[in-house]
Amino acid sequence: MARILYLECTKCGEKLGAEKPQTVCPNDAGSLYVRYDLQSLKESFTRESLAGRVASMWRYREVLPEVEPITLGEGFTPMLPSRKQANVLIKDEGLNPTGSFKARGLCAAVTMAKAYGLKKLAVPSAGNAASALACYAAAAGIEAHIFMPRDVPAANLVECRQYGAEVVLVDGLISDCARMVGERRDKEGWFDVSTLKEPFRVEGKKTMGYEVAEQLAWKLPDAIFYPTGGGVGLIGMWKAFEEMEYLGWIGRERPRMIAVQAAGCAPISKAWQEKKPVSEFWPKAATVAAGLRVPKAYADYLILDILRQSGGTAIAVSDDEIMRSVGEWASQEGIFAAPEGAASLAAYRKLVDTGFLKASDRVVLFNTGSGLKYIDAIQSHGKEHAARDGNSGAMKRKRMGGIIQPY
Ligand SMILES: [Zn+2]
C-alpha cells in the first residue's frame, strides 16, 4: 500500500502531515488533497494486479490510506449500457450501502477517523451524506452527530435514527446546518467531516474514477455527467485520473466533465456561464433533488477549474425535467434513480440537442443513488402535478412516465 507522503493545500500548495487529523489549510482554508508515494508503486501496482480482487472500492487499496478499512462492501457498482441510447452508460451508485454514492466518501472518512482514534463525528448534510455517516459510524463504533434540513427525504431521517446517530433537524438549508456544526464542534469535541473540510471523503469518492477507467477497459469516455451539489466525486475522479496517468494506467486524455445542477439551485452553472472562478451563494435554493440543494459548494474553485481544464460545462435542469427522467429511466431501463441521478439524463439530452455533444460520443451518466430513498418526494411531486394539470389525468401519467400511478 501507499504511504501518505503529505496533505497538500489545493489553494497555496502548503504541505501538512497526515499523522494527526487535519481539516483545511491553516493559511487560506483551502481543501487538502492526500498525496501518496506513487513513484514507489509504479512497479507493483499495475492494472493487471487488480484481477481477482474484492469487488469494492478497496480493490484500489494502494491508493487509499494504509489502515484497516471499516467496509460494508461499498463501490465497484455496475456500469450499465443504456438499453435505449447507444453510447450511453449508466454508472449506478444506487447499489451502494445506504443506497447512494455518499457511502464511498464517508467510508473513507470514518475509516480514518477510527484510525486516528476520534470518538465523535459531526456533519451537515442535505440527506444522503447523513445516512452514510450514521451507517459507517455505527459500524465503527463512533458517535455521529447529524444536522440536516427538516424537510430532507424521510428515508434519511429514519435511517440515521436507526443507525443510532444523534439527529438535529434544522429549519433551513445545508448551509445553515454547516453554520450550526461550526458553532458547536469545539465545545462538543466533534470532528467535522463536512464536504471538502477534511481530506478523506475525496479519497473514497475518487474510486469512481478508477472504476470508470477499469470498467471501460482503460479507455475513458468522451464525457462524464455528474450531478453536482458539493462536487466531491467530480473533484475525486479528476484526482484519480491524474494518479492513474502517473501510474501509467491511462494517457493524457480526459473526459469532458459536466456538472449537472437543478434550476432551483444552480450556483456552479451560474458561475460557469459568467466565467467566474468561484460561485456565489444561491438564495432561496429549492429543488426536488435534495442532494443538489447546496447553495454554495465549499470547493467551488476546484469544480470550476476542472470543468475548464476538461473542456466540460455546467448545466441546470428543471424539476419537471428531472422527474420525467426518473420515470423514463425506471420504465425504460429498469433503473429507479434518485432525482439527482436522473438529472444527468435530462442534462445529456440538452447537450446533445444543443450540439455540445454528438450522439456518437461515448458518455457515462452517474446515477448517484436509489429512487427508493425519495419515495415521499417523488410521490408528492406527482400529486403537485395532478393538482397543476387539473383534470388532464392522461397528460399527468404521460409526464410522470408511469411512476406515480393514479389511485
Ligand atoms: Zn493553503
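All of the numbers you see were taken from the coordinates with simple rules; none came from a lab. Worth saying up front: this structure is predicted, and the values here are computed from it rather than measured. Reconstructed Cβ throughout: ideal geometry from the backbone, glycine too, with neighbour counts over all protein chains shown.
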Problem - Candidates per GluC sites (Glu not before Pro) in region 235-289, loop by DSSP, up to 14 other Cβ within 10 Å - result: E253, E274, E280
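Would you mind counting up the charge near A29? Only other residues with Cβ under 10 Å from its Cβ, with Lys and Arg at +1 and Asp and Glu at -1. Walk me through the numbers before you get to the answer.
Details: positive: K11, K197; negative: D28.
Overall, the nearby charge balance is +1.
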Handout entry: Coil-residue trypsin sites (Lys or Arg not before Pro) of region 179-269, DSSP, other Cβ within 10 Å capped at 16
Key = K219, R252
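Let's test the formula: R0 of 45 Å, r as the Cβ-Cβ distance of E43 and R388. What FRET efficiency results, to the nearest 0.05? Can you show the working numbers first?
On the way: r = 62 Å, r/R0 = 1.38.
It comes out at approximately 0.10.
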Handout entry: Where chymotrypsin sites (Phe, Trp or Tyr not before Pro) fall in DSSP loop in region 57-164, at most 13 other Cβ within 10 Å
Key = none
Exercise for the section: Once you've got the GNM for the chain with C-alpha springs shorter than 10 Å, pick whichever of A359, A132, A108 has the biggest mean-square fluctuation. Expected result: A359
Fill in the blank from the handout: Shape call for region 109-241, from the Cα gyration tensor axes a ≥ b ≥ c (a/c under 1.5 means rounded, otherwise prolate when a/b beats b/c, else oblate), comes out prolate
Exercise for the section: Send over the per residue convex hull volume for the chain, Cα only, as a whole number of Å³. Expected result: 136
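Taking the Cβ of R3 as the center, what net charge do the other residues with Cβ under 12 Å away carry, scoring Lys and Arg +1 and Asp and Glu -1? It would help to have the intermediate numbers written out before the result.
Numbers: positive: R35; negative: E19, D37, E62, E66.
The answer is -3.
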Problem - HN-Hα J in Hz across region 351-357 - Karplus 6.51, -1.76, 1.60, θ = phi - 60°, x for Gly and Pro - result: 6, 6, 4, 7, x, 4, 10
Practice task
Just grab the label-to-label distance for D376 and D353, each label 7 Å out from Cα along the Cβ direction, in nm (one decimal).
Solution key: 3.2
Practice task
Compute the separation of the alpha-carbon centres of region 357-385 and region 177-191 and state it in Å as a whole number.
Solution key: 33
Handout entry: Cβ-defined net charge surrounding P227, 11 Å radius [Lys, Arg +1; Asp, Glu -1]
Key = -2
Handout entry: For region 137-175 versus region 278-298, the gap between their alpha-carbon centres in whole angstrom
Key = 19
Exercise for the section: Let me see the pair-distance distribution of region 75-122: every alpha carbon pair, 10 Å bin width, integer percents in order. Expected result: 24, 34, 25, 11, 6
Handout entry: Convex hull volume per residue in cubic angstrom - Cα atoms of region 250-362
Key = 121
Fill in the blank from the handout: Distance in nm between R83 and E274 label points, each 7 Å along Cα→Cβ, equals 4.4
Exercise for the section: Let me know the shape class of region 41-82, please: from the alpha-carbon gyration tensor, a ≥ b ≥ c as square roots of the eigenvalues, rounded when a/c is under 1.5, otherwise prolate if a/b is greater than b/c, or oblate. Expected result: oblate
